[in-house]
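Structure first, commentary second.
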Amino acid sequence: MGKKSCQSNGKSEATAQSAQQIEQIPTADLIPYARNSRTHSDEQVAQIAASIREFGFCNPVLIDAQNTIIAGHGRVLAAGRMKLETVPCLRLTHLTDAQRRAYVIADNRISENAGWNQEMLDEEIRSLAEESFDAALLGFDDEELLKSLGMVEESELKELTIREPPKMTWVLIGIPTTQFGDINEAVERIAGLESTIVETTANDG
C-alpha cells in the first residue's frame, strides 16, 4: 500500500507527523464519534453510496488510534449500506484530544465556506450532460440541474413541481408530451433542442 504524504515546509511538526499509511479497516470495526454534531440524511447517504460506486472510495476515512471516526461518518454509513467489508482509512495519531474534537467540526464547517463560479459550473454541467454523464451523481437537486442546463429561469423554479415517484410528465414547447423517470432521461431527450419547459406535472396514471 502506498503512503499518503503531506507537503511540509519544515516548520510545521503537525504537518510532518500527519503523513500516514492508508489502512483497509473492517467497516464493522469503525466507531462513530459519539459527540459528532454533523447529520446525514438517508438521501445524502444514498448519494455518497452512488458516488463511491461511480468513482471509487477516493476519500479515506480519518480515524484515531482506537478506530473512532474523526471525519467520514457519511462515507462509513454508505459503506455499510453497500455492504463493503473494509474501507480505506488514515489513522491520525498526531492530534491532541482537543484538536481531534475540533477537527471533527472544522472538517465539515470550513468546506461550507466555499462558493461556486456559477458560470463555470453551468458550463461543466452542460458539457457532462452532452456526454450523457449521470447528472444525479453531481449532488444537485432537479431544480438546480434544470437551471444550470438552461431549461428554466430562476424565476420559474417556484412554479415547477418535480416529484419522483410517480414518473414526471414534462410538457415542452414543440415536443410531444413524454414521460421520463428522472432528470437524466429528460436531459438525454432534450439535449440539443432549443425548447423551454413551461410546465411540470405529476403523472396520475
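The values are calculated or read from the model by the stated rules, or taken from the named source; none is laboratory data. It should be emphasised that the depicted structure is a prediction, and the values quoted were computed from it without experimental measurement. Glycine gets a Cβ as well: all are built from the backbone with ideal geometry, and neighbour counts include every protein chain shown.
Observations, loosely collected:
- When the criteria are applied in full, Thr39 meets the requirement of being closer than 29 Å to Asp141 by Cβ and either at pLDDT below 95 or loosely packed, with under 14 Cβ neighbours inside 10 Å (or both).
- Asp97 vs. criteria assigned by TED's automatic domain parsing to the domain that holds Ile22, of a type in the set (D, E, K, R), farther than 30 Å from Gly150 by Cα and in contact (Cβ under 8 Å) with a residue 24 or more places away in the chain: no
- Counted residues, region 32-71 - those being in contact with a helix residue (DSSP H, G or I) (Cβ under 9 Å, 6 or more places away or on another chain), small (Gly, Ala, Ser) and either at positive phi or touching a residue at least 40 places away in the same chain (Cβ under 8 Å) (or both): 3
- Of all the criteria given as (1) in the same structural domain as Ile25 (by TED's automatic domain parsing); (2) at pLDDT below 95, the one not satisfied by Phe55 is (2).
- Residues located in region 91-120, provided they are basic (Lys, Arg) and more than 20 Å from the chain's Cα centre (by Cα): Arg91, Arg100, Arg101
- Just one residue in the set Ile110, Ile125 is of a type in the set (A, V, I, L, M) and over 26 Å from Arg53 (Cβ atoms); that residue is Ile110.
- Meeting the requirement of 1 or more residues that are exposed (fewer than 11 other Cβ atoms within 10 Å of the Cβ) and in contact with a Leu (Cβ under 7 Å, 6 or more places away or on another chain), no strands (runs of 3 or more DSSP E) wholly within region 50-152 can be named.
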